[in-house]
Structure formats: structure tokens, C-alpha cells
Amino acid sequence: QGDIYTIVNDKDGRFFQYLMQDKHGNIAGELVREFKVATQPEGCVADDKHDRLFIGEENRAVWTLDARADEPTVMTQVMPVGEHLKEDIEGISLYQTQQQNFLVISSQGNNSYVILDALPPFDYRGVFRIGFNTATGIDGVSETDGLDVTSINLGQPWQQGMLVVQDGRNRMPRANQNFKYVPWSAIADQFGLTDINK
């Protein structure tokens, strides 16, 4: 279709979906859909290839629903808070190639990241933490609010893409929060994701 949407949320649980339009040289948003989770929402990400929206509800679960504005807002649970995913759920992003679709979730409650298949039945692939690299003086990661991931070849050592995470407590050296970069290949090798075809 070529339509562009912006999806934002509020602390009361509401999500708002706006159709972005060019109005005489100015960008304007028209509210086309609204939906709600029971408690505070956090990150969300759209899977444009499969018309799917993933949303995080901070202390409860990750949910999915149809991303198309003219479809019902029926939500399906992808993963609840539990053994692998801890409160608080924060950033969510998608790693996608022609063959692969993975959802990466910040599990802030235990400073880890959960990987799931981004297609039903949303199989669990693994959980990991980002630790210290003392040789280069880089500290580990904690209190991650936001993250993003890409599969674009960014050159050595990022040929399979990169995960970027916000580090809420920077300890080496002690300073304000910053961002840490992880080659996707390191994650893929750890969990055997390189040759998975979907």
C-alpha cells in the first residue's frame, strides 16, 4: 500500500496508531486506531513483512496483533513474564533477513536479552547478557531501556548486522549511560541461529 504509520503509547496502557500524510508540504498524523493493554506499556516494533505489531507490557508479557489499521486489535500473547523474561520488559526490535525473523527483547529485570522466533508459534531461542570486555576497558550492560538491531552488512565485524543496546549504568569509566554494540554474528554463533531457515 505504501502507507506510513506512527505508533506511540502512554503510561496508562493506550497505544495510538497514526496515518502519516503529506498535507501541503507538512507532515500530519491522522489517528486511525487506538488499543490498550491493562498496565504500563513499553517498547513496540512493527513487522512490515508480515503485518504484525509486537508490544511490550512492562510487568506482564509481550503481545502481538495485526498491524493493519483496518483490522481488529485482538492481542495474542507471545511470551509472559516468567522463567526467561523478567519484569521489566523494555525495548523490543526485529532481526530480519529473507530467511530469518527473530524478536529481541530487553528483560530489564535481570539485565538480559531474550530471543524468540518472530513468527508463530514464537519459539524461544535463548537468553543472554552482555558482559565486561576488560581487554578493551568496556563494562557490561545493565538497566537497558531501549535497543535496536539490524541485519544490514555494516562491514567487519558487523557483516551479519549489529545489536545496539542502551546501558543504563556505565562503570568503565564511571560516567553517564551510553550505548554498547554487539556483532549479530556473536549472538547467532552462540545460539546456532546462522543456518536457521524460516
### Task
Identify all residues within the stretch 90-99 that are modelled with pLDDT under 95 and crowded, with 21+ Cβ neighbours inside 10 Å; write none if there are none.
Glu90, Gly91
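Across the stretch 110-155, what is the total count of residues that are out of contact with any helix residue (DSSP H, G or I) (no Cβ under 9 Å at 6 or more places or on another chain), under 22 Å from Asn176 (Cβ atoms) and of a type outside the set (Val, Ile, Thr)? Break it down stepwise before answering.
Restricting attention to the stretch 110-155, the residues satisfying the condition of being out of contact with any helix residue (DSSP H, G or I) (no Cβ under 9 Å at 6 or more places or on another chain) are 110-112, 114, 116-117, 120-124, 130-141, 146-148, 152-155.
Those left that are additionally under 22 Å from Asn176 (Cβ atoms): 111, 130-134, 136-141, 146-148.
The next check asks that each one be of a type outside the set (Val, Ile, Thr); those that pass are 111, 131-133, 137, 139-140, 146-148.
So the count comes out to 10.
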### Query
For the stretch 141-172, which residues satisfy the criterion of being at negative phi and without any contact (Cβ under 8 Å) to a residue 12 or more places away in the chain?
Ile152, Asn153, Leu154, Gln156
### Message
Give me the residue from the stretch 100-109 that is closer than 19 Å to Arg129 by Cα and not in a strand (DSSP E or B) and, out of that set, least open to solvent (accessible area, probe 1.4 Å).
### Response
Gln108
#### Entry: Residue that is nearest to Gly91 (Cα to Cα), among those in the stretch 147-170 that are open to solvent by 30 Å² or more (accessible area, probe 1.4 Å) and either assigned to a helix (DSSP H, G or I) or touching a Gly at 6+ places or on another chain (Cβ under 8 Å) (or both)
Asp148
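For (1) out of contact with any strand residue (DSSP E or B) (no Cβ under 6 Å at 6 or more places or on another chain); (2) on the phi < 0 side of the Ramachandran plot; (3) surrounded by 21 or more Cβ atoms within 10 Å (Cβ to Cβ), each residue gets a yes or a no:
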site: Asn59; (1), (2), (3): yes, yes, no
site: Ala67; (1), (2), (3): no, yes, no
site: Glu71; (1), (2), (3): yes, yes, no
site: Val78; (1), (2), (3): no, yes, yes
site: Val81; (1), (2), (3): yes, yes, no
site: Lys86; (1), (2), (3): no, yes, no
site: Asn111; (1), (2), (3): yes, no, no
site: Ala118; (1), (2), (3): no, yes, yes
site: Phe122; (1), (2), (3): no, no, no
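Out of the residues in the stretch 124-146 that are touching a strand residue (DSSP E or B) at 6+ places or on another chain (Cβ under 9 Å) and of a type in the set (A, V, I, L, M), which is least open to solvent (accessible area, probe 1.4 Å)? Give the steps one after another, and end with the answer.
So in the stretch 124-146, the residues touching a strand residue (DSSP E or B) at 6+ places or on another chain (Cβ under 9 Å) come out as 124-130, 132, 138-146.
After this cut, where a residue has to be of a type in the set (A, V, I, L, M) as well, the list is 127, 130, 138, 141.
On the way: Val127: 53, Ile130: 27, Ile138: 75, Val141: 12 Å².
Here the answer is Val141.
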### Task
Would you be able to tell me the number of residues in the stretch 60-88 that are at pLDDT below 95 and closer than 16 Å to Gly13 by Cβ?
2
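The values are calculated or read from the model by the stated rules, or taken from the named source; none is laboratory data. All values derive from a computational prediction rather than experimental measurement. Ideal geometry is used to build each Cβ from the backbone, glycine not excepted, and the neighbour counts take in all protein chains shown. Just so you know, the surface numbers come from the protein's heavy atoms only, side chains and all, with ligands and any DNA or RNA stripped out. Shrake-Rupley method; radii C 1.70, N 1.55, O 1.52, S 1.80 Å.
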